[in-house]
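Inspection log for the structure reproduced underneath, given as structure tokens.
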Amino acid sequence: MASQDWFDKDFYAVLGVAKDVSDAELKKTYRKLARQFHPDSNPGDAAAEARFKEISEAYAVLSDPDERAEYDQLRAMGSGARFTPGGAGGFEDVFGGMFNGGGRTRTAYSQGGFEDLLGGMFGGGGFGTSTGGYRGFGGPTPGADITATTTLDFATAIHGDTVTLQLPGGKSTKVKIPAGVADGQKIKLRGKGQASPDGGAAGDLVLTVTVRPHPVFERDGVNLRLDVPVTFAEAALGATIEVPTFDGDPVRLRVAPGTPSGRVLRVKGRGVATAKATGDLLATVHVAVPSHLSAEAKKKLEEFAATLPDENPRDELLDQARG
């Protein structure tokens, strides 16, 4: 996305958060909105799909500290300036208005030099000789880096894929996404950035990955987590239940008698497989309490409760609270 677009979009408003929102609250809000408007949850709903894209775009920028800082600075300056894409740091149209009626003047600001800008001010000759760097100081100037973002489905991030990115100037390039890439992870492609203005090495392409949330599974490093509801009877008496896995058939897990809510059941090797490690599937048990009971069921439950020891499970909690 070209940074000029940032002047026209209020990403904080898109997500419904304040400008000083914390990283944790930003992520929490994004996950909630992403689940609400995800295409899988709204099949055939073009408006929901468009909203989902807006949410993903806003989060991709605000979740990156560097891009968020740049976005805040650009928005504060107003819509009278255009910046080079990808965070290269150029002020081409701001300074371009000073010369030749607003023509485009290239700058290698992200490498710390204004040689092309100043060269345009002094007859195009730059400083010193024409051998590179500050025209002879320090060798050829490296090309500017280009930053880009891409949004991946949860499955694509898990398995990896090759995606095509559109670069400034209408060019495109293919990027191999490694298996197990995480939300917010950066991928650097050497030499895929802007060309050097004086024969030096090309800059890099720095790609930030945003991963759409899954309605069931959540990443925890190389592990996958999910919540598994069980009935009160299953938790109290014990049971064997089926739990979904991300890539295969459900697995059967044993719920021990007396299992409380919050206990984690582990399935080895059914998490995320990366080049360095393979994670596990972590199923967190949640006891589902029935919201409606028949008169007979209520009577039997009262009879059952009467047989239990006369003890308060919150006694220890109360004692700890009192200090």
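Where a number appears in this text, it was derived from the coordinates with a stated rule and is not lab data. Keep in mind that what you see is a predicted model, and the values were worked out from it rather than measured. Methodologically, a virtual Cβ is constructed for each residue, glycine included, from the backbone with ideal geometry; neighbour enumeration extends over all protein chains shown.
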Count - residues of segment 171-188 that are within 19 Å of Asp220 (Cα to Cα), touching a Leu at 6+ places or on another chain (Cβ under 8 Å) and among the polar types (S, T, N, Q): 0
In segment 19-42, the residues that are within 13 Å of the chain's Cα centre (by Cα) and assigned to a loop (DSSP other than H, G, I, E, B): none
Asp198 vs. criteria of a type in the set (Asp, Glu), in a strand (DSSP E or B) and out of contact with any Leu (no Cβ under 9 Å at 6 or more places or on another chain): no
Inter-residue pairs, beta-carbon under 6 Å, first in contact (Cβ under 8 Å) with a residue 12 or more places away in the chain and over 15 Å from Ala236 (Cα atoms) and in segment 299-315, second of a type in the set (D, E, K, R) and part of a helix (DSSP H, G or I), 6+ apart: none
Boolean, Gly258 is free of Cβ contacts under 8 Å to residues at least 40 places away in the same chain, in contact with a Ser or Thr (Cβ under 8 Å, 6 or more places away or on another chain) and outside any strand (DSSP E or B): no
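Looking at segment 249-272, which of the residues that are out of contact with any helix residue (DSSP H, G or I) (no Cβ under 8 Å at 6 or more places or on another chain), of a type in the set (A, V, I, L, M, F, W, C) and within 30 Å of Ala157 (Cβ to Cβ) is surrounded by the fewest Cβ atoms within 10 Å (Cβ to Cβ)?
Of segment 249-272, the ones out of contact with any helix residue (DSSP H, G or I) (no Cβ under 8 Å at 6 or more places or on another chain) are 249-254, 256, 262-271.
Subsequent filtering for residues that are of a type in the set (A, V, I, L, M, F, W, C) retains 251, 253, 256, 264-265, 267.
This time we only want the ones that are within 30 Å of Ala157 (Cβ to Cβ), so: 251, 253, 264-265, 267.
On the way: Val251: 15, Leu253: 18, Val264: 11, Leu265: 18, Val267: 16.
Among residues in segment 249-272 that are out of contact with any helix residue (DSSP H, G or I) (no Cβ under 8 Å at 6 or more places or on another chain), of a type in the set (A, V, I, L, M, F, W, C) and within 30 Å of Ala157 (Cβ to Cβ), the one surrounded by the fewest Cβ atoms within 10 Å (Cβ to Cβ) is Val264.
Filter segment 261-288 for residues that are hydrophobic (A, V, I, L, M, F, W, C) and assigned to a strand (DSSP E or B) and give the result. Steps first, please.
Here is the first cut: in segment 261-288, the ones hydrophobic (A, V, I, L, M, F, W, C) are 264-265, 267, 272-273, 275, 277, 281-283, 285, 287-288.
The answer is Val264, Leu265, Val267, Ala273, Leu281, Leu282, Ala283, Val285, Val287, Ala288.
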